[in-house]
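Engineer: Before I ask anything, here is the structure I am working with.
The values are calculated or read from the model by the stated rules, or taken from the named source; none is laboratory data. For clarity, every value in this text was computed on a predicted model and none was experimentally measured. Every residue, glycine among them, receives a Cβ derived from its backbone with ideal geometry; neighbour counts consider all protein chains shown. The accessibility values were calculated without ligands, DNA or RNA, using every heavy atom of the protein model including side chains. Shrake-Rupley method; radii C 1.70, N 1.55, O 1.52, S 1.80 Å.
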Amino acid sequence: MGSSNATIQKMLEYEYSKGIVMQNALAFSPAHPSEDVASAPQAKPRILVVDDVADNREILTRRLVRRNFEVVEATGGEDALVRIAESSFDIVLLDIMMPDLSGNEVLQRLRANPEHANLPIIMVTAKSQSEDVVSSLALGANDYITKPVDFEVAMARINAQLERKRVADKTLREKKLLEQHSLVLDEKLESASLMLAEESQKRTVSEDRLRYLAFHDSLTGLMNRQGFRDCLFQVLDEMPVRDTEPVLLFIDLDGFKAVNDCYGHDVGDKLLAGVGERLAAALGEGALTARLGGDEFAAVMENAGEGVEARAAKLVETLSLPYTINGNAVRVGASCGLARARCFSGDLDGLINAADLAMYHAKAKGTGCVVLFETRMLEQQRERRQIEIDLHRAVANMEFEVFYQPIFDVGSRGITAFEALLRWPHKTRGMMSPETFIPVAEETGLIAQIGAWVLRQACEQAKNWPDHIGVSVNLSPIQFESPSLLPTIVNTLAATGLEPCRLELEITETALLGTEGKNIRILEAIRELGVRVSIDDFGTGYSSLAYLRNFRFDKIKIDRRFIQGLWSNDSDTAIVRSIIMLSQNIGVGTTAEGIETEDQLASVASEGCKLGQGYLFSRPLTAEDAVVFIEKYEAGEA
């Protein structure tokens, strides 16, 4: 009975203390909420400049940045709508005449959306477009400026609209704050009651349960990242005492996103739980297992010995067996990276980084691979990071060079085109080929800038050649998927004056992976511009036969590996013959890459291949040497 009275007394003291805290909270409510807003530092005004002409955007952006504006650029109407949907702006400078959506169409869509009804929009128009200005004002434009832009007049109109917006925003904020303040007492009184009820409920949860939730994954029941890290630290600390040689495993599921996309997140969650159960069962009771997050798992094998890779491979095989979920047989693969703890002298972070690095090497090798960490991987990682740093600088200064390799008619030996080949003359590493830095550019998002620059350089150079000689430019898979691809092509052709029929874009089979319908629409849009399209390195990636059926390419390029094996490998000969025959049957031309000998040339010519390129004809040339090469060849001196 005495114990019960003591408990009641403590609860009364607690409730009394909560009441004092709540009274203090009510007492400290600000009397004038707008004072906090007024004291907040002013951010730079955000302005969206919408113009399909890059030079126009660049001029406005440069001058606005000098006036302390935060400027975001949009390359057209569709791009502007996407950016406004994704972010907020203080004002928009909107060009009226644009190829995809006119400024008035963009304005009409924005004003139809209540969220953007009060967004200040200033139209940018030529002086001769007075009817468009009238339409813009009728659709809800706040003001307009004319081209060529008088920047001081433009700034006056921009500042006037910003000031109106600031006053309106301030009034609205103060109104909302006053409304909120009028309700705060009632809300806090109600909140106080709820807090007391919730606190009472929380007290019923045991400390053991809270600790479990803090260090375990609620979906799989395995340890979470923090719990696993703490246990792993203990394992490393006990290594000398227990005389163990633990190995850390990092496991990443292959194809998990496809399961989520196909079956939904409910099945995805059940699959993760199934993987967790299978992982724990395979390693045995007491083994350290964890779900680190997403579809990444980790485990520790103690005293694995020299057979650790075989055991890990067996584990990967087990995890890759089908799972029956909601009546469906669901499959995922797995990739595993291993790191021996003895190599890191108790360095927990070093061990974790090593296993993670080995896992990414395993994923790079393909589904179902197991890779044991080697010291060289760290050097490769540092090397890649240095290349990434150098690449950012190179892109900022465009420290690249485009070489040109001629493509010949194998019958007449006449030059039909040049393929533009990107090189990076690195200050310390020498001339770097795309195979070294393009993957880094794709991963870091720099490929779009590089690709646009190469396209511009190639088209400008082609203008210096005779009209019958075209230029081929390679497209990265990332470029092909980019929404800016078509505007970039259109703007480049317009800026350089190159006839579209002289430009050919080379697309690898890998770039065509994904949604077939979307890719066909992109290919058709490129074709409608008058630009030619070819498949590069045909036969080395995933099958493109479905695309050959649904889209007629202008050319198929036979990969150099097949050409170089013509006289030594019967399979290569059969493949080359089949590709040429297939091309002829569907009415598509072929180009043989990597021709180095007269025998190779004779072989592809006898099979019916019409075009060829390779060192037999010429090595890749600088822009200046390409012009000289054409002149000599046309004069019969080459």
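Engineer: Considering only residues that are touching a residue at least 60 places away in the same chain (Cβ under 8 Å) and of a type in the set (D, E, K, R), which ones fall in segment 385-411?
Structural biologist: Here is the first cut: in segment 385-411, the ones touching a residue at least 60 places away in the same chain (Cβ under 8 Å) are 401-411.
Result: 401, 409.
Engineer: Consider only pairs whose beta carbons are under 9 Å apart and that are at least six residues apart or on different chains; among these, list those whose first residue lies in segment 140-159 and is among the charged types (D, E, K, R) and whose second residue is open to solvent by 60 Å² or more (accessible area, probe 1.4 Å).
Structural biologist: 143/137; 143/157; 147/127; 157/142; 157/144
Engineer: For segment 581-634, enumerate the residues that are within 17 Å of residue 421 (Cβ to Cβ) and touching a Lys or Arg at 6+ places or on another chain (Cβ under 6 Å).
Structural biologist: Scanning segment 581-634 gives 591, 593, 594.
Engineer: Please verify whether residue 58 is more than 30 Å from residue 496 (Cβ to Cβ) and open to solvent by 10 Å² or more (accessible area, probe 1.4 Å), treating the condition exactly as stated. Outline the logic, then answer.
Structural biologist: Details: more than 30 Å from residue 496 (Cβ to Cβ): no; open to solvent by 10 Å² or more (accessible area, probe 1.4 Å): yes.
Judged against the criteria, residue 58 is not a match.
Engineer: A follow-up question, please. List the pairs whose first member sits in segment 254-274 and is on the phi > 0 side of the Ramachandran plot and touching a residue at least 40 places away in the same chain (Cβ under 8 Å), whose second member is in a strand (DSSP E or B) and β-branched (Val, Ile, Thr), and whose Cβ atoms are under 8 Å apart, counting only residues at least 6 apart or on separate chains?
Structural biologist: Cβ pairs passing all conditions: none.
Engineer: Please name all residue pairs, on different chains or six or more residues apart, with Cβ atoms under 6 Å, provided the first residue is in segment 539-557 and is at pLDDT 75 or above and the second residue is of a type in the set (Lys, Arg).
Structural biologist: Listed by first residue and then by second, the contacts come to 554/532.
Engineer: If you scan segment 391-426, which residues turn out to be assigned to a loop (DSSP other than H, G, I, E, B) and under 28 Å from the mean Cα position of the chain (by Cα)?
Structural biologist: Start the filter on segment 391-426 by keeping residues that are assigned to a loop (DSSP other than H, G, I, E, B), which leaves 398-400, 410-414.
398, 399, 400 - these are the residues of segment 391-426 that are assigned to a loop (DSSP other than H, G, I, E, B) and under 28 Å from the mean Cα position of the chain (by Cα).
Engineer: Can residue 72 be described as in contact with a Ser or Thr (Cβ under 8 Å, 6 or more places away or on another chain), of a type in the set (Val, Ile, Thr) and open to solvent by 10 Å² or more (accessible area, probe 1.4 Å)? First the steps, then the outcome.
Structural biologist: Working: in contact with a Ser or Thr (Cβ under 8 Å, 6 or more places away or on another chain): yes; of a type in the set (Val, Ile, Thr): yes; open to solvent by 10 Å² or more (accessible area, probe 1.4 Å): yes.
When the stated conditions are applied, residue 72 passes them.
Engineer: Just to be sure, is residue 311 in a helix (DSSP H, G or I) and open to solvent by 10 Å² or more (accessible area, probe 1.4 Å)? Step through it out loud before you land on a result.
Structural biologist: Details: in a helix (DSSP H, G or I): yes; open to solvent by 10 Å² or more (accessible area, probe 1.4 Å): yes.
When the stated conditions are applied, residue 311 passes them.
Engineer: Continuing with this model, one more query. Being open to solvent by less than 50 Å² (accessible area, probe 1.4 Å) and either of a type outside the set (Gly, Ala, Ser) or farther than 30 Å from residue 494 by Cβ (or both) narrows it down to one residue among 189, 93, 185, 172; which is it?
Structural biologist: Numbers: 189 fails: open to solvent by less than 50 Å² (accessible area, probe 1.4 Å); 185 fails: open to solvent by less than 50 Å² (accessible area, probe 1.4 Å); 172 fails: open to solvent by less than 50 Å² (accessible area, probe 1.4 Å).
Criteria check complete, one pass: 93.
Engineer: Moving on. Which condition number in (1) outside any helix (DSSP H, G or I); (2) in contact with a strand residue (DSSP E or B) (Cβ under 7 Å, 6 or more places away or on another chain); (3) modelled with pLDDT of 90 or more is the one that residue 530 fails?
Structural biologist: In the conditions (1) outside any helix (DSSP H, G or I); (2) in contact with a strand residue (DSSP E or B) (Cβ under 7 Å, 6 or more places away or on another chain); (3) modelled with pLDDT of 90 or more, residue 530 misses (2) alone.
Engineer: What are the residue pairs meeting all of these: first residue in segment 320-344, first residue open to solvent by 60 Å² or more (accessible area, probe 1.4 Å), second residue assigned to a loop (DSSP other than H, G, I, E, B), Cβ atoms under 6 Å, and 6 or more apart or on different chains?
Structural biologist: Going by the 6 Å Cβ cut-off, the qualifying pairs are 329/322; 331/322; 342/245.
Engineer: Turning to a different aspect of this structure: Looking only at segment 424-431, decide whether some residue is open to solvent by 40 Å² or more (accessible area, probe 1.4 Å) and touching a helix residue (DSSP H, G or I) at 6+ places or on another chain (Cβ under 6 Å). If you could, list the steps in order and put the result at the bottom.
Structural biologist: As a first pass, look at segment 424-431 and keep what is open to solvent by 40 Å² or more (accessible area, probe 1.4 Å): 425, 427-429, 431.
With the extra rule that they be touching a helix residue (DSSP H, G or I) at 6+ places or on another chain (Cβ under 6 Å), the set shrinks to none.
No, that holds for no residue.
Engineer: Okay, next question. Could you list all residues from segment 77-89 that are touching a residue at least 24 places away in the same chain (Cβ under 8 Å), small (Gly, Ala, Ser) and assigned to a helix (DSSP H, G or I)?
Structural biologist: 77, 80
Engineer: Further question on the same structure: Restricting the search to segment 591-606, which residues are under 11 Å from residue 410 (Cα atoms) and within 38 Å of the chain's Cα centre (by Cα)?
Structural biologist: 591, 592, 595
Engineer: Within segment 463-489, count every residue that is open to solvent by 60 Å² or more (accessible area, probe 1.4 Å), hydrophobic (A, V, I, L, M, F, W, C) and not in a helix (DSSP H, G or I).
Structural biologist: Here the count works out to 0.
Engineer: Consider segment 432-455. How many of its residues are within 25 Å of residue 611 (Cβ to Cβ) and surrounded by fewer than 17 Cβ atoms within 10 Å (Cβ to Cβ)?
Structural biologist: Within segment 432-455, the subset within 25 Å of residue 611 (Cβ to Cβ) is 433-435, 438, 451, 454-455.
After this cut, where a residue has to be surrounded by fewer than 17 Cβ atoms within 10 Å (Cβ to Cβ) as well, the list is 433, 435.
Selection size over segment 432-455: 2.
Engineer: What number of residues within segment 440-462 are part of a helix (DSSP H, G or I) and over 23 Å from residue 500 (Cα atoms)?
Structural biologist: 5
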